[in-house]
Amino acid sequence: MSGVRIVEVGPRDGLQNESALIPLDVKLRFVRSLADAGLKEIEATSFVSPKWVPQLGDAAELWPKLPEGPLYSALVPNLKGLERALDLDVQRIAVFTAASESFTKANVNMTIAETIDQFRLVIARFRHPCRPNWARGYVSTAFECPYEGRINPKKVLEVCEALIGLGVDEISIGDTIGVASPAEVRVLGREILAAFGNQIIPKITWHFHDTWGTGLANLSAALDLGFRSFDSSAGGLGGCPYAPGAGGNLATEDVIYLLERTGISTGVDLDSLSRATEEVLACVGRSPAAKSQIASLGRSSVG
Ligand code: HMG
Ligand code: MG
């Protein structure tokens, strides 16, 4: 099986939902540990309103101090966020919308159409021939919305089409509240392939949350369909403040264990990764909860 790409979203999605403010130096050590463990792409923070997500209000302080090595990206909701990002020479951004109107309104106070109009301006301003620039578009609530219930895959295709029309470099399909089953992933995955053809595969990333424990099975289902790119969060940290019921993200440790055990080399050291969240977990007063992390920490303490 050919290479699999992992985008670590722990410093952004993993931390945004934590109510206890995590100090900047703890966040920086977290990112450094992720980089040292071998993660090559990290979504580091968000240039969203600090009134809406106070935990990431330190984005402008954090960005210039990020350790060299990985490719870093950041969430940008609007032109104001883009200007803040451009001031820091951010070269990889993620705009974010959803397949449900109610979630989009709760999350960014816009309709889906308004997000697309806003992103058109954001991407036009962001693209520059003399500066590297890469943009991801998220489609959240791709399976179910906490306010509207099940989502028709056709709605996801519509939003993907709108994002492709904006010229994003990739689309991340989000199971924001972590409820999907592999059967649903197969249905949506096949619909995406039927609508856009196999050439869309390198442009699709799956973003699973693991509220009900189906995240890894969902990743396997997407792998079987040929998809090769996945978001995950160290320690299974995560959630969305505007999606009631959203559990943690699929844990990067679980992803690494599954891939390595399947014979797919990831370049990530599982034991180092399992220790990367220790300080953050201590800050928020929780113990490790991801299965492969617990097993790896147990193995290290025995060994
Ligand atoms: P709004 O209140 O409608 O915006 O929020 P506004 O334009 O009326 O501005 C209100 C205030 O915020 C103003 O300041 C603006 O200047 C300021 P004031 O005059 O009151 O002092 N403001 C900003 N400040 C800093 N950075 C900005 C910015 N924009 C406005 N970019 C807004 C609209 C989009 C700003 C707000 O709703 C927001 O920031 N939402 C972000 C919510 C968020 O981050 N959610 C979590 C990420 S999405 C997610 O987790 C899902 C994902 O993981 C995938 C999945 O799991 O499916 C990606
Ligand atoms: Mg998420």
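The values are calculated or read from the model by the stated rules, or taken from the named source; none is laboratory data. Everything quoted here is computed from the prediction, not taken from an experiment. Because the Cβ atoms are built from the backbone with ideal geometry, glycine has one as well, and the counts that use them run over all protein chains shown. Note: accessible area is taken over every heavy atom of the protein model, side chains too, but ligands, DNA and RNA are not part of it. Shrake-Rupley method; radii C 1.70, N 1.55, O 1.52, S 1.80 Å.
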Just checking, how many residues over the range 244-278 are exposed (fewer than 15 other Cβ atoms within 10 Å of the Cβ) and hydroxyl-bearing (Ser, Thr, Tyr)?
2
Looking at the range 208-224, can you tell me whether even one residue there is touching a Cys at 6+ places or on another chain (Cβ under 9 Å) and either at pLDDT 95 or above or open to solvent by less than 10 Å² (accessible area, probe 1.4 Å) (or both)?
yes
May I ask you to list the residues in the range 116-146 that are away from ligand 2 (no atom under 16 Å from the Cβ) and closer than 30 Å to Arg186 by Cα?
Ile116, Phe119, Trp134, Ala135
Is there any pair with a first residue in the range 269-294 that is more than 19 Å from Gly215 (Cβ to Cβ) and a second that is surrounded by 15 or more Cβ atoms within 10 Å (Cβ to Cβ) and among the polar types (S, T, N, Q) whose Cβ atoms are under 9 Å apart and which are 6 or more apart or on different chains, and what are they?
Asp271/Ser296; Ser272/Ser33; Arg275/Ser33; Arg275/Gln293; Arg275/Ser296; Glu278/Ser33; Glu279/Ser33
Run Ala142 past the list (1) in a loop (DSSP other than H, G, I, E, B); (2) touching a helix residue (DSSP H, G or I) at 6+ places or on another chain (Cβ under 9 Å); (3) open to solvent by 20 Å² or more (accessible area, probe 1.4 Å) and report the number of the one that doesn't hold.
(3)
All but one of (1) within 16 Å of ligand 2 (Cβ to nearest atom); (2) more than 21 Å from Thr205 (Cβ to Cβ); (3) buried (at least 21 other Cβ atoms within 10 Å of the Cβ) hold for Trp52; which doesn't?
(3)
Kindly list, by first and then second residue, each pair from a residue in the range 243-266 that is modelled with pLDDT under 95 to a residue that is polar (S, T, N, Q), limited to pairs with Cβ atoms under 6 Å and residues at least 6 apart or on different chains.
Ala243/Thr176; Ala246/Thr176; Gly247/Thr211
